[in-house]
Amino acid sequence: MSVALAVAVGGLFAVGTFLLLQRDLVRVVLGVAVVSQATFVYLIAMGGIDEGAGDLVPVLEVHGGGVPEVADPVVQALVLTAIVISLGTTALALVLSYRAYEENESMDVTEWKT
Amino acid sequence: MSGLVIAPLLAAVTTAVLTLALGRRPRIQRAASVAGSVAYVGTVSAAVWTVVLGPAATGAAAYQVGDWPAPFGITLVLDGLSAFMLTIAAGVGVASILFSVRYVTAENQRVYYHPLFHMLLAGATGAFLTGDLFNLFVWFEVMLIVSYVFVAFYGTDHATAASFRYLVMNVFGSALMLVAVGGLYATTGTLNMADMARRLAAPDAYGIDPAPVVGLSALLLAVFALKAGLVPFQFWVPAAYTAAPSPVTAMFAGVTKKVGVYAIVRLYFTVLAAASVPVDVPGLTAASPLGFLAPVLGAMGVASVVVGGFGAVGRDRLGAVFAYSSIGQVGFIAVPVAVAAAAPPAGTLRGVAIAAALVFALHHALAKGLLFLSAAAVEDATKTDRLADLGGFAGHSPVLSGAVFVGLLSLIGLPPLSGFFGKFLALDAAVRGVASAPGPSSTLALVALLLGAVLTILYATRVWVGGFWGRETTAVEVATVESGQVAVLVALAVAVVLVGVGFDPIYRFAETAAAAALDSEGYVDVVGLSGGDGA
C-alpha cells in the first residue's frame, strides 16, 4: 500500500513539475493544481494507511460493539484545509492567466512583453 | 491576559470585514481603515506592554484557540520575539495605511484595497503569533493570496506577469512546505511547535526517530528563504515590488519579508535547537540542525548582500534600486542569524547575534518603509521614478527630500540613526563570529558585510546625487508634492532618528526577544502542554 502511495505521489509531482515548466499558461495552471494534489495524497499518506479490513471501518458493524481503530483524523483535517486554499489559489491563477492573455494576446509565456 | 494575545489578530480581521462591508461608502471606509490600523497599534501596544515589557510582565503568554488544550488545539503564543515582530508590523502598518489614504486614487481605494490591506496585516500577525506549524502554513497562505492580488492590483501587463510568476513560485513553495509539515507530523507525531521541541529534545522518551527532521527542516528553510527573498530565491522580488502599490511594497519589505526571517529563527532556534539530531550529509557533519543552518543560511546571506548590492547600484529607477537594496538588506539580517547558528550554545554570542539581526530587521522596516513611501511620493508628484528624469528635488521640496536624506543616511549606517546600530551590531556579530570560530567561512561573511556596506554607500549616494541634487529637471519643476504624504514621511523619518537616539530601551527589547527565541524550555512552559504525554 505504501509503495503504491509513494509511486502516486512521485508520479503526481513529476507530472506537475513537467506541466509547470511548459510555455502554455493553461498548462502551468494545471501544473499548479497537480502539484497541489500531489501534496494532498502525500499528507494523507503521512497519517499512516493500513490495508482495508472489516474492523477498520469507522462505522460500527454492530450497535454497541467495541469502537474499532480509526484512521488519523488530523491529516484529514489538514488536507481539507489545504484543498480549500488550493481551490482559491488555482481559481486566482486561472483569472490571472486570462488577464495575462488579454494584456499580451498570447498564452505563450515566452511571447510576453515583460 | 491571554485574551490580549489574540487581540491584534481580531483587530485586523474585524477591520478587514468592516471595510469590506463599507465598500459603498468610500469616506467612511477610509476612516474605518485608519481607525482599524490605530486599533491594531493599540492592541499590539497593550499586549506587548502587558505581556513582555511592563513591570508586571510574565515575559510570554499563550491563548488556546477554542479552549482546546495545548498539543491538540491551535495555540497562539506571544513571547518576546513575537512581540518584537508585531511592534514592527504595527509601526509599518499604520504608516502605510495613512500614506495609502493620501496616495492611492479614490477609485482604486474603493471596495478592495482596504480589506486586502488589513488581511495582509492579519496574515502577518497570525504568522508571528501562531505556535502551530500547520497554522503557520495557513497564515502564510492568507498573506500570499492577498499579496498575489496586490501585485496584480493595477492590472497592467507588467503587474499581471509579475503576479502570475509570483503565484506559481509560491504555490510550489507552499507544496514544499506542506511536504515538510506532513513529514514532521509523521516523524514527531505533533504539529504544536512547543510539543515538537519537547519531543525532539528527548526523542527516546517519546519513541520517535528524529533523523528525517534534518531534511524536512531544510525544506522549510527553503520555503522561508523564498518568503524572505534570500538568494537564490530572490528573483521574484524586483518585479513584485515594483508592480504592487507602493504603500503595500513598504509592507512587503517591512513585514512580509520579516515573516520569513522570523519563521527561520523560530523554527531553528526555538524548536530545533535542543534537538539531538546528528546531521550527516556529504561535506557537512554536525550535532544538531543548527549546524546545517549555519553554513547554508550564511551562504544565502552573503550571496544576498552581494547580489542585492550590485543589483541596486545598476538600476535606473528609484523603486527598483530600493527593491534590490531590500534583497541585500535581508542578507544583513541573515548573516547574524547564521553566526548565531554557528555559535556554541552555551556562550552569549548566540543571543547577541540574534539581537543584532532583530535590530537590523527593525531598522530595515523603518528605513526601507520610509524610502519606498518617499519614492511613491516622488513618483506621484513627478509622474516618473527614473533617476535620469529626476534631479533638483532637494531645492523643489526640501521637506520631502530631507526625509529621503534621513532614510538614505540610515541605510548607509550613519550615527545616530537606526541604521547605525543595525549595521554596527551586524558587523559586531560577524566579528565575534570570526573570533569564536576562525576560518574561511566566518571571514567571508565579515568581508561580504563590509562589501555590502560599501555598495550601500554607492547606491545611496547615486540616488541622492541623481534624484535630489543638481538642477531641477522639467518633470521636477512642474511637480506638486502632496502635503499629507510628506507628513507621513516626516513622521517615519523622526521615528528613524528616535530609534537611533533612544536606542537603549530598543536594544533591551531586542535582547528580550533574542532571549525568548533561544528559550525553548520557557516556550514549552508557556504553551502549557497539559495532555498528549502518552503518545
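See the values below:
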quantity	calculated
Some residue of the stretch B:488-511 being more than 23 Å from the chain's Cα centre (by Cα) and small (G, A, S)	no
Some residue of the stretch B:255-267 being of a type outside the set (F, W, Y), crowded, with 24+ Cβ neighbours inside 10 Å, in a helix (DSSP H, G or I) and within 14 Å of chain A (Cβ to nearest Cβ)	no
Matching entry among B:A239, B:A218, B:A225, B:A211 (being within 9 Å of chain A (Cβ to nearest Cβ) and touching a helix residue (DSSP H, G or I) at 6+ places or on another chain (Cβ under 9 Å))	B:A239
The stretch B:299-331 - residue that is in contact with an Asp or Glu (Cβ under 8 Å, 6 or more places away or on another chain) and assigned to a helix (DSSP H, G or I) and, of those, farthest from B:P238 (Cα to Cα)	B:L318
Which listed residue is of a type in the set (K, R), part of a helix (DSSP H, G or I), touching a residue at least 40 places away in the same chain (Cβ under 8 Å) and out of contact with any Lys or Arg (no Cβ under 7 Å at 6 or more places or on another chain), from B:R462, B:R471	B:R462
Test for B:A294: is it among the aliphatic types (A, V, I, L, M), away from chain A (no Cβ under 14 Å), part of a helix (DSSP H, G or I) and over 17 Å from the mean Cα position of the chain (by Cα)	yes
Test: A:T90 is more than 7 Å from chain B (Cβ to nearest Cβ), part of a helix (DSSP H, G or I), under 21 Å from the mean Cα position of the chain (by Cα) and at pLDDT 85 or above	yes
Per-region count, the stretch B:193-208, residues part of a helix (DSSP H, G or I), within 14 Å of another protein chain (Cβ to nearest Cβ) and over 27 Å from the mean Cα position of the chain (by Cα)	0
From A:V95, A:V79, A:V84, A:V41, residue being at pLDDT 90 or above and touching a Phe, Trp or Tyr at 6+ places or on another chain (Cβ under 7 Å)	A:V79
Test: residue in the stretch B:416-427 that is under 23 Å from the mean Cα position of the chain (by Cα), assigned to a helix (DSSP H, G or I), of a type in the set (K, R) and surrounded by 15 or more Cβ atoms within 10 Å (Cβ to Cβ)	yes
Members of the stretch B:289-310 that are touching a strand residue (DSSP E or B) at 6+ places or on another chain (Cβ under 7 Å) and free of Cβ contacts under 8 Å to residues at least 60 places away in the same chain	B:G291
Elements of type helices (runs of 4 or more DSSP H) contained in the stretch B:96-174, each with 1 or more residues being at the interface with another protein chain (Cβ under 10 Å from one of its Cβ atoms) and either surrounded by fewer than 23 Cβ atoms within 10 Å (Cβ to Cβ) or at pLDDT below 95 (or both)	B:133-151
Residue that is nearest to A:V84 (Cα to Cα), among those in the stretch A:4-53 that are surrounded by 19 or more Cβ atoms within 10 Å (Cβ to Cβ) and in contact (Cβ under 8 Å) with a residue 60 or more places away in the chain	A:V32
Subset of the stretch B:60-95 [closer than 29 Å to B:A367 by Cα and outside any helix (DSSP H, G or I)]	B:A60, B:V77, B:L78, B:D79
All positions within the stretch A:93-114 that are more than 7 Å from chain B (Cβ to nearest Cβ) and either among the hydroxyl-bearing types (S, T, Y) or in contact (Cβ under 8 Å) with a residue 12 or more places away in the chain (or both)	A:L94, A:Y98, A:Y101, A:S106, A:M107, A:D108, A:V109, A:T110
Residue match in the stretch B:241-250 (condition: out of contact with any Gly (no Cβ under 9 Å at 6 or more places or on another chain), of a type outside the set (S, T, N, Q) and assigned to a loop (DSSP other than H, G, I, E, B))	yes
Residue in the stretch B:383-400 that is touching a residue at least 24 places away in the same chain (Cβ under 8 Å) and within 13 Å of B:Q329 (Cβ to Cβ) present	no
Which numbered condition B:T190 misses (of (1) within 17 Å of the chain's Cα centre (by Cα); (2) surrounded by 24 or more Cβ atoms within 10 Å (Cβ to Cβ); (3) of a type outside the set (F, W, Y))	(1)
Residue in the stretch B:379-386 that is in a helix (DSSP H, G or I) and under 28 Å from B:A513 (Cα atoms) present	no
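The values are calculated or read from the model by the stated rules, or taken from the named source; none is laboratory data. Keep in mind that what you see is a predicted model, and the values were worked out from it rather than measured. In this analysis, Cβ positions are derived from the backbone assuming ideal geometry, glycine residues included, and neighbour counts consider all displayed protein chains.
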